[in-house]
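Visitor: Structure incoming, see below.
The values are calculated or read from the model by the stated rules, or taken from the named source; none is laboratory data. As the structure is a prediction and not an experimental result, all values here were calculated from the model. Glycine gets a Cβ as well: all are built from the backbone with ideal geometry, and neighbour counts include every protein chain shown.
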Amino acid sequence: MSHARARRRDRQVYLRSHPVLFALMAAARRRPTTRIGTTVLAHSRSAFTDGLTRIPLDRTAEGTTGGAAGRLTGGGLLFDQEGDDHRGSRRDLAESLGADGVARLRPVWTDVLDRRLKPLADGDPIDLVDVAAELSGATAAALLGLTVDPLELASAARAAAAAGAREHLPGLPFPRRRRAAEQAAARLNTLLAPSPDARLNAPLAPSPDARLNAPPAPSPDARLNAPLAPPPDTGLAAMLAVAAINTTVAGLPRAAAWCADADLWAYVETAPEALTGELLRVTAPTPLLPRSAAAPGTIAGRPIRRGDRLILITRHAVNAHNHDPSPTAPAPPHVAQLVFGVGPHACPGARLARTQLLDALTALAPYRPVVTRARASRRSALPGWSSLIITATTC
């Protein structure tokens, strides 16, 4: 195995996207926390966990994920809600992304994999970023009950996230960035909003008599094949689409490239769950979480003031920067899970992400693909490849 080659390649996605930011992160990571003015960088596992569990967070502050989502969606759910509303929305979303929900969605992405990976059998190269975009776009459309082109949805979600990220970079505000973010958000929301005809033709809620005379509940098999109910509004739909598509397009090609460079394909058969967990840990598709403190507290013993900006660095909390993926000796579950957050801020899509990545690696493994060309993205919201060309070594 050549983890050194895999790590050298993977570092390019950080060095080409936001080199100054990641240089600062690397320089300060030897300490659990680092304060720079009103910004606190949280590097250690305990500091990262404290930032998500012990500090009340301002969900709509400028420069945070919630603030970006609010600007994108006009006040997206899960970010601007508090208390019971927040917990209720998260619970509903977690149920739709539970075991049954993932089982219903799985044929969507396996169909994309079957179709898009076929050229490898003929010895032809494919761009895995483009495959990941269609896969994630099709999955998001099915989850949201949309009939839109998957690649168009993926393109809009990626553009909206990238424009939002550029607008929130430190420094002076640029009106051009603001306009670009607004235009990208409008394009995405147009795809996500139901048409007037769909609303006019939507069935009304059944009367009590109709419910009494309704047919028996469908069998488990029928429920698995039923379409998922769309979320209640465009704001939540936009948030889900942006999160699901951008993390998949960033994470899946990076994980596959690491597999190819370090020759980890055999572990897809012998230790699939361990390999998937380790690749998610090392690639950490969302390498940092920007947050804002809504009240005073402490992070790893450091005092935090109300209004402080928190940069919770996932990559460092899970040791992605210095521990290579090891399917034979994986990190403990409570460490690997941190790439999906923790406590009330854990990502409800963790099961879907793991299953989707495992299915992709399983589909790729028989070809033992290698990377023939890679180009890091300079504009995406998350560190990733703009193009990753792979070719099979066995057909």
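Visitor: Those residues that are among the hydrophobic types (A, V, I, L, M, F, W, C) and assigned to a strand (DSSP E or B), I need them from the range 291-310; list them, please.
Guide: If we filter the range 291-310 for residues that are among the hydrophobic types (A, V, I, L, M, F, W, C), which is where we start, we get 293-295, 299-300, 304, 310.
Of everything in the range 291-310, those that are among the hydrophobic types (A, V, I, L, M, F, W, C) and assigned to a strand (DSSP E or B) turn out to be ALA293, ILE299, ILE304, LEU310.
Visitor: Only one residue in GLY341, GLY384, GLY349 is crowded, with 20+ Cβ neighbours inside 10 Å, under 21 Å from ALA262 (Cα atoms) and not hydrophobic (A, V, I, L, M, F, W, C). Which one?
Guide: None of the other options fit; the residue is GLY384.
Visitor: Separate question: Check whether at least one residue in the range 285-299 is modelled with pLDDT of 95 or more, farther than 23 Å from ILE55 by Cα and not hydroxyl-bearing (Ser, Thr, Tyr), and report yes or no.
Guide: No, because not a single residue in the range 285-299 is modelled with pLDDT of 95 or more, farther than 23 Å from ILE55 by Cα and not hydroxyl-bearing (Ser, Thr, Tyr).
Yes or no, residue by residue, for (1) in contact with a strand residue (DSSP E or B) (Cβ under 7 Å, 6 or more places away or on another chain); (2) touching a residue at least 24 places away in the same chain (Cβ under 8 Å); (3) not in a loop (DSSP other than H, G, I, E, B):
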| site | (1), (2), (3) |
| --- | --- |
| ALA4 | no, no, yes |
| ARG30 | no, no, no |
| THR34 | yes, no, yes |
| LEU41 | yes, yes, yes |
| ALA47 | yes, yes, yes |
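Visitor: Within the range 311-354, which residues are small (Gly, Ala, Ser), over 18 Å from ARG54 (Cβ atoms) and outside any loop (DSSP other than H, G, I, E, B)?
Guide: ALA336, ALA350, ALA353
Visitor: Given the criterion more than 23 Å from ALA47 (Cβ to Cβ), modelled with pLDDT of 95 or more, of a type outside the set (A, V, I, L, M) and not in a loop (DSSP other than H, G, I, E, B), identify the matching residue among ARG254, ARG281.
Guide: Details: ARG281 fails: more than 23 Å from ALA47 (Cβ to Cβ).
The unique qualifying residue is ARG254.
Visitor: Evaluate the following for THR139: is it crowded, with 21+ Cβ neighbours inside 10 Å and polar (S, T, N, Q)?
Guide: yes
Visitor: Regarding VAL40, is this residue modelled with pLDDT of 70 or more, more than 26 Å from ALA162 (Cα to Cα) and among the hydrophobic types (A, V, I, L, M, F, W, C)?
Guide: no
Visitor: Does the range 374-386 hold any residues that are in a strand (DSSP E or B), under 19 Å from ALA161 (Cβ atoms) and touching a Pro at 6+ places or on another chain (Cβ under 9 Å), and which are they?
Guide: Residues satisfying the conditions are ALA376, TRP385.
Visitor: Hey, can you tell me all the residues within the range 142-159 that are assigned to a helix (DSSP H, G or I), surrounded by fewer than 17 Cβ atoms within 10 Å (Cβ to Cβ) and not aliphatic (A, V, I, L, M)?
Guide: Scanning the range 142-159 gives a single hit, GLU152.
Visitor: Looking at (1) touching a helix residue (DSSP H, G or I) at 6+ places or on another chain (Cβ under 6 Å); (2) surrounded by fewer than 18 Cβ atoms within 10 Å (Cβ to Cβ), find the lone condition where ASN322 falls short.
Guide: Status for ASN322: all satisfied but (1).
Visitor: When the range 361-378 is examined, which residues are found to be charged (D, E, K, R) and exposed (fewer than 15 other Cβ atoms within 10 Å of the Cβ)?
Guide: Residues satisfying the conditions are ARG373, ARG375, ARG378.
Visitor: Moving on. Out of the range 93-120, which residues are surrounded by fewer than 16 Cβ atoms within 10 Å (Cβ to Cβ), modelled with pLDDT under 85 and in a helix (DSSP H, G or I)?
Guide: GLU95
Visitor: Could you tell me which residue of the range 269-293 is nearest to VAL249 (Cα to Cα), considering only residues that are over 22 Å from the mean Cα position of the chain (by Cα) and buried (at least 17 other Cβ atoms within 10 Å of the Cβ)?
Guide: Of everything passing the filter in the range 269-293, ALA271 is nearest to VAL249 (Cα to Cα).
Visitor: Hey, another quick one. Looking at (1) over 19 Å from TRP109 (Cβ atoms); (2) in contact (Cβ under 8 Å) with a residue 60 or more places away in the chain, which is the one condition that is false for THR394?
Guide: (2)
Visitor: Tell me the residue from GLY137, GLY123 that is small (Gly, Ala, Ser) and either assigned to a helix (DSSP H, G or I) or within 23 Å of GLY384 (Cα to Cα) (or both), please.
Guide: GLY137
For (1) closer than 24 Å to ALA381 by Cα; (2) in contact with a Lys or Arg (Cβ under 6 Å, 6 or more places away or on another chain); (3) without any contact (Cβ under 8 Å) to a residue 24 or more places away in the chain; (4) not hydrophobic (A, V, I, L, M, F, W, C), each residue gets a yes or a no:
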| position | (1), (2), (3), (4) |
| --- | --- |
| PRO107 | no, no, yes, yes |
| PRO119 | no, no, yes, yes |
| ASP122 | no, no, no, yes |
| ILE126 | yes, no, no, no |
| THR147 | no, no, yes, yes |
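Visitor: Only one residue in ALA142, ALA138, ALA163, ALA157 is at pLDDT below 90 and aliphatic (A, V, I, L, M), so which one is that?
Guide: Going through ALA142, ALA138, ALA163, ALA157 in turn, just one is at pLDDT below 90 and aliphatic (A, V, I, L, M): ALA163.
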